[in-house]
Amino acid sequence: MSESAFTGLLDTFPLTRAHTAADAAERIGRIFSPHRLEVRGRTRSLDVHHNQVRMRHVTLNTLTYGAEVMIDPGERGDFYMVQLPLAGHALLVDRDRETRADTRMLTVLQPRARGRMIWSADCRMILVQVPRDVVEQRASEWGLPRPRFATARSRRDPQVAAWWQAVVDLTCNLDRFGEHWLRHPAACAAMEEFLLSAFTSMLGEPDAVAATAVRSDERCLRRAKDYVQEHLGRALTLPEIARHVCVSPRTLEAAFKRGGELSPLAYARRERLLAVDRALRGAARERREVSVTEVALEYGFVHMGRFAAQYRRMFGCAPSETLHPH
């Protein structure tokens, strides 16, 4: 997509228009955090365009000042902010350290941190804002430590590049069809969940991300398997298991795959077949009169022909042979 295509992005959701530093600082300061704004460079007049789409927790912004500016918030608000430049560049100055954000490098502003920013006159950004307590609550729910985020991440990282492009595509979609999507709570929640994924995977410190992913998968697998064991009496659906684990079906399937497991449904079916086999062998040992059909129905198998074929593939014999061994 050409640079010109990003001009006016999210103009269908205007929030702030300003032409003086005092007005811009006051208006934008109410949204983010109080700050001092100084106009620099040759172009002394501002042309501020700040657009915003608010979801339940995540706020999606586009911002341009139209002039070189220095932004000094003192101490930032209690939120994380991911800055994705669409054009131009910005410098984040923290003590003696400078971090550059441009179309190849995003930056993550930390909650309550100090530091100045200098935006070039042509700088235009997408800003993804999430309150700190939302990020930490998600980490706590997954039994993870307090998250650590890299100040900058390169677009050369395929994961970062993929998420970056998806955020741009989502922003463009909202620009054109936002009124339609935001009328549907489920669609809005799905978009917000996608944006939040950056704070639990792609934007973390690389070592912390790997460790977090392992712990997240372990907890996900444990909860899913426990739920399957508690419900061996019926055929579960993938969305049902995923809802119990509090992840999307796709995330649950990926966790099983990374753990070297079968798919969630294949795992559940295997465990139900094992339960049937245990019941049949127990009845055979105790010489109890039971029917294969009754046992199969007890463990959620309602299609007897399909059940018999699955049992034979797994155990190498028909269920009736297990119940009545020769």
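For G260, the stated conditions do not hold, so it cannot be described as in contact (Cβ under 8 Å) with a residue 40 or more places away in the chain and part of a loop (DSSP other than H, G, I, E, B). Note on segment 12-60: residues that are in a strand (DSSP E or B) and either outside the structural domain of R112 (by TED's automatic domain parsing) or without any contact (Cβ under 8 Å) to a residue 24 or more places away in the chain (or both) amount to 1. Answer with yes or no whether G300 is assigned to a loop (DSSP other than H, G, I, E, B), within 35 Å of the chain's Cα centre (by Cα) and modelled with pLDDT under 90. Criteria not met by G300. Looking across A284, A235, A275, one residue alone is crowded, with 17+ Cβ neighbours inside 10 Å and at pLDDT 85 or above. It is A275. Here V245 passes the criteria (1) modelled with pLDDT under 70; (2) crowded, with 18+ Cβ neighbours inside 10 Å except the one numbered (1). Of the set (1) within 28 Å of the chain's Cα centre (by Cα); (2) within 30 Å of D169 (Cβ to Cβ); (3) among the basic types (K, R), all apply to R112 but (2). The condition (being at pLDDT below 90 and of a type outside the set (G, A, S)) is satisfied by just one residue among R156, R116, R176: R156. Against the numbered list (1) of a type outside the set (A, V, I, L, M); (2) modelled with pLDDT of 90 or more; (3) touching a helix residue (DSSP H, G or I) at 6+ places or on another chain (Cβ under 9 Å), R258 comes up short only at (2). Number of residues in segment 72-92 that are in contact with a Cys (Cβ under 7 Å, 6 or more places away or on another chain), crowded, with 19+ Cβ neighbours inside 10 Å and part of a loop (DSSP other than H, G, I, E, B) equals 1. Only residues that are assigned to a loop (DSSP other than H, G, I, E, B) and within 41 Å of the chain's Cα centre (by Cα) were counted in segment 303-326, giving 1.
All conditions but one from (1) over 30 Å from E179 (Cβ atoms); (2) modelled with pLDDT of 95 or more apply to G74; the one that does not is (2).
The values are calculated or read from the model by the stated rules, or taken from the named source; none is laboratory data. None of these values were measured; they are calculated from a predicted model. Please note: Cβ atoms are built from the backbone with ideal geometry, for glycine as well, and neighbour counts cover all protein chains shown.
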